[in-house]
Amino acid sequence: MAYTLQKFIHSLDLRALPRVLQIQSGIYCQDSIYEMFGNEFSLSTEDVIKVIGFKINKLIASICENNEVSQFSAKVELPLNFPGLYKVVADKTPYVSIEEIARKVSIGPTRFGHPSFFSAKDIKLENFTIKHDEQITFNSVEEVHGIMAVNCVVVRNNQSHSFTLPLSQEGEFYECEDDQIYTLKEIAEWKIPKGRNRIVKLSTTLHMWDSSSPLPENFGGCLILMPVYEVQAVMKFRKDIIHILSDLDVEVKDVTDHYDISSFLQPLSLEDIFERASKEFPMVVQIMEGPSGNQKPYNLLSTGKEIVIYKKYQAARVLASEMRSDSSKRHYLIPMSYKGKFKRRPREFPTAYDLEIVRNEKEHLHVVATKAFTSPHKELFSVSVGDQFLVQQCQTSEVLYEGGKKLIDVLACEQILSDSYKKVLLPMYMEGGFVEVVHDKKQYHLSEICKEFHLPFNVKVSVRDLSIEKDVLAAAPGLQFEEEITDSYLLISSASSPVESWEIPVYRLNMLVHLLSKDVQTVAPPVTRTTVEEVSEEEYYMLRRYENLALHPPPRPPKKPT
């Protein structure tokens with residue numbers, strides 16, 4: 001039976017990929033030539049392609065009023081990088097089974113892939129009853145005792161209860177309200193069910209409105225988003241990936257059951273390579289689709305090139321941002337192998353509590369007040385702009401409070417006077433402003449800073465890394481080292497001239513390869529070149545968000561006594 005390409009995608013379960021399709025009819029006439037994304041290819045009626053994946057390429061948006069398309073609204077095309085943060089409006093249309101949810105909704109390992117639903121009626125399990133209207137979080141889909149099921153969690157009285165629901169479970173299931181905010185790209189990847197549109201509400205704009213924006217000025221309402229998919233496919237006699245948009249007028253027929261799927265090349269993502277056993281490395285692969293970029297090593301990763309992948313591993317990086325007052329600051333991931341040196345730059349602290357966090361036993365923190373503060377207690381010090389302090393330690397102090405005495409946390413400091421020092425106490429809740437006075441002239445390697453100081457930490461490159469052809473960090477007016485993260489990498493080199501090796505990130509490089517049955521000439525990798533990776537604004541916030549999920553936030557500063 002023939003379907004339009006759009007209908008085929010809407011009916012397809014991602015777990016059923018890959019699928020082999022035969023072209024039946026449509027815009028692809030005999031010996032037609034089609035070009036998309038600079039990728040020219042020929043398709044004829046009855047040609048076969050192997051669909052290996054699909055993703056949302058763009059969104060068609062209409063302004064929404066009362067959950068319906070406004071009669072005055074024109075449809076506009078929004079790219080996935082369109083600025084703004086959005087809230088997802090819960091879909092009022094129910095799902096009739098767990099199988100329908102698993103087939104249409106993205107369920108995966110990240111927090112984006114944990115959707116929540118509620119049942120219109122109680123669900124009685126063997127040792128557990130899920131109450132109607134109780135929030136059920138879906139975590140993963142897997143086979144349990146030979147039956148496909150969804151691993152779920154409900155929270156009652158701050159306690160999590162885990163259970164499974166078989167895909168065969170029928171009922172009336174509705175989406176729960178979602179109070180999180182997302183970028184348009186995150187919504188496209190995780191929050192648009194297949195075969196349905198999605199209503200979103202603009203929460204925060206990231207940039208000033210301009211006349212080129214497809215949305216009205218000061219728009220703050222709801223949008224109905226209709227996805228247009230991009231199909232990724234392989235042809236039998238090509239060694240690259242072709243891309244076809246789902247809204248093209250073409251009919252296809254699923255012939256997977258009657259075709260030898262192994263006769264096609266098997267594309268692998270970097271994530272697929274990383275999941276392989278360590279004993280399978282090193283390996284030789286050919287690039288089917290490479291990333292964009294002129295800097296090494298990305299210029300080595302063009303389509304058709306052969307590379308050696310020596311090993312996979314986790315490596316530490318320091319996430320750093322330029323110190324600029326404007327919004328054009330750039331962000332970098334710096335490896336511990338960076339050979340340049342840094343000098344300290346003054347740090348700024350908004351509260352007395354922040355001074356306690358970064359206090360170091362090896363040196364006295366010297367700061368200047370940039371904001372005045374009047375203490376409500378005569379036992380504690382009132383600060384004027386320009387006052388200088390050496391930070392000593394945290395302690396408690398008695399103050400008069402509502403006619404009695406009360407112990408509060410304070411920061412013991414020495415005020416620097418013209419010819420002496422004066423011991424003073426600053427309330428820990430003090431909201432002032434301080435800037436550091438740096439006396440340390442030493443030049444530090446990156447590993448020394450991470451070992452000796454508390455991040456965030458401000459620096460400037462004093463000696464650039466001469467092993468890097470163009471050290472982008474040396475041109476920065478100043479850098480703030482924000483946090484140390486751990487990420488996944490592959491070590492690669494050119495197969496034809498393996499004179500140097502490079503680390504490439506697994507999760508930030510869109511690239512497809514296929515394995516070659518070639519022996520690796522040298523098992524030991526050549527010398528590894530240091531690479532400072534510049535990350536986009538979106539990647540930066542994703543790194544901060546994921547890394548911070550694993551950290552416990554510091555305790556909030558003590559509140560000012562009322």
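Taking a temperature of 20 °C and a viscosity of 1.002 mPa s, what whole-number D in µm²/s does Stokes-Einstein yield for segment 379-510 with Rh from Kirkwood over alpha carbon pairs?
Translational D for this selection: 107 µm²/s.
Which lysines, if any, have their Cα less than 21 Å from the Cα of K191, not counting same-chain residues under 8 positions apart?
Qualifying lysines at Cα under 21 Å: K7, K55, K58, K75, K87, K92, K104, K201.
When the convex hull of the C-alpha atoms of segment 213-331 is computed, what volume per residue in Å³ does it have? Display every interim value, and only then the final one.
Working: hull volume 30.4 nm³, N = 119.
Per residue, the Cα convex hull of segment 213-331 comes to 255 Å³.
Under the rule of at least 5 residues apart or a separate chain, name every residue whose amide H is placed under 5 Å from the amide H of V535.
So V535 has HN proximity to H331, Y332, L333.
Could you check how much of the accessible area of the chain is carbon and sulfur, as a whole percent, using a 1.4 Å probe?
Numbers: 14840 of 30030 Å².
After summing per-atom areas, the C and S share lands at 49 percent.
Would you mind working out the accessible area per residue for segment 70-185, using a 1.4 Å probe, and quoting it in Å²? Don't jump to the answer; show the numbers that get you there.
On the way: 6560 Å² over 116 residues.
Here the per-residue accessible area is 57 Å².
Provide the per-residue ³J(HN,Hα) series for segment 234-241, in order, calculated from phi with Karplus coefficients 6.51, -1.76, 1.60 and θ = phi - 60°, each as a whole number of Hz, with x at glycine and proline positions.
Those phi angles translate into 10, 9, 5, 10, 10, 10, 9, 9 Hz.
Would you check the accessible area of V527, probe 1.4 Å, heavy atoms only, in square angstrom rounded to 10?
Accessible surface of V527 is approximately 90 Å².
What are the ³J(HN,Hα) values, in whole Hz, obtained from phi via the Karplus relation 6.51 cos²θ - 1.76 cosθ + 1.60 with θ = phi - 60°, for each residue of segment 11-25 in sequence order, with x given for Gly and Pro?
Once θ is set to phi - 60°, the couplings for segment 11-25 become 8, 8, 8, 4, 5, 8, 6, x, 10, 9, 10, 10, 6, 9, 6 Hz.
Evaluated at 10 °C with a viscosity of 1.306 mPa s, what Stokes-Einstein diffusion coefficient in µm²/s does segment 91-176 have when Rh comes from the Kirkwood expression over alpha-carbon pairs?
The Stokes-Einstein estimate is 122 µm²/s.
Nothing charged except the Cβ atoms of Lys and Arg (+1) and of Asp and Glu (-1): what's the magnitude of the dipole of segment 161-291 about its Cα centre? Round to the nearest 20 debye.
340
Skipping prolines and chain starts, which residues have an amide H placed within reach, meaning under 5 Å, of the one on D247, given they are 5 or more residues away or on another chain?
Y229
Evaluate the distance, in nm, between pseudo-label points positioned 7 Å from the Cα of D354 and of L85 along their respective Cα→Cβ axes.
So the label points at D354 and L85 sit 1.9 nm apart.
Under 18 Å Cα to Cα from K312, which lysines show up? Leave out anything in the same chain fewer than 8 places away.
Partners within reach: K279.
Please determine, in degrees from 0 to 90 and to the nearest 10, the orientation of helix 537-549 with respect to the longest principal axis defined by the Cα atoms of the chain, where the helix direction is its Cα long axis.
Helix 537-549 and the main axis of the chain meet at about 70 degrees.
Going by the alpha-carbon gyration tensor, a ≥ b ≥ c the square roots of its eigenvalues, is segment 48-142 rounded (a/c under 1.5) or, if a/c is not under 1.5, prolate (a/b greater than b/c) versus oblate?
Values: a/c = 2.31, a/b = 1.46, b/c = 1.58.
The shape class here is oblate.
Check each of the trypsin sites (Lys or Arg not before Pro) in segment 302-407 and keep only those in coil by DSSP with at most 11 other C-beta atoms within 10 angstrom; list them in order.
K362, K378
For segment 414-431, what does the Karplus curve 6.51 cos²θ - 1.76 cosθ + 1.60, with θ = phi - 60°, yield as ³J(HN,Hα) per residue in whole Hz, taken in order and with x for Gly and Pro?
10, 7, 8, 9, 4, 9, 7, 10, 10, 6, 9, 10, 10, x, 5, 7, 4, 9
Per the Kirkwood definition applied to all pairs of different Cα atoms, how many angstroms is the hydrodynamic radius of segment 340-442?
14.4
Please enumerate, by chain and number, the aspartates and glutamates with C-alpha under 19 Å from the C-alpha of K405, excluding those fewer than 8 residues away in the same chain.
In chain and number order, the partners are E379.
Keeping all protein chains in position, work out how much accessible area F349 exposes to a 1.4 Å probe, and write it in Å² to the nearest 10.
10
What does the accessible area per residue of segment 348-436 come to in Å², with a 1.4 Å probe and no ligands, DNA or RNA counted?
Result: 54 Å² per residue.
The values are calculated or read from the model by the stated rules, or taken from the named source; none is laboratory data. Predicted model only: the values in this text are computed from it and were never measured. Note: ideal-geometry Cβ built from the backbone for every residue, glycine included; neighbour counts use all protein chains shown. The accessibility values were calculated without ligands, DNA or RNA, using every heavy atom of the protein model including side chains. Shrake-Rupley method; radii C 1.70, N 1.55, O 1.52, S 1.80 Å.
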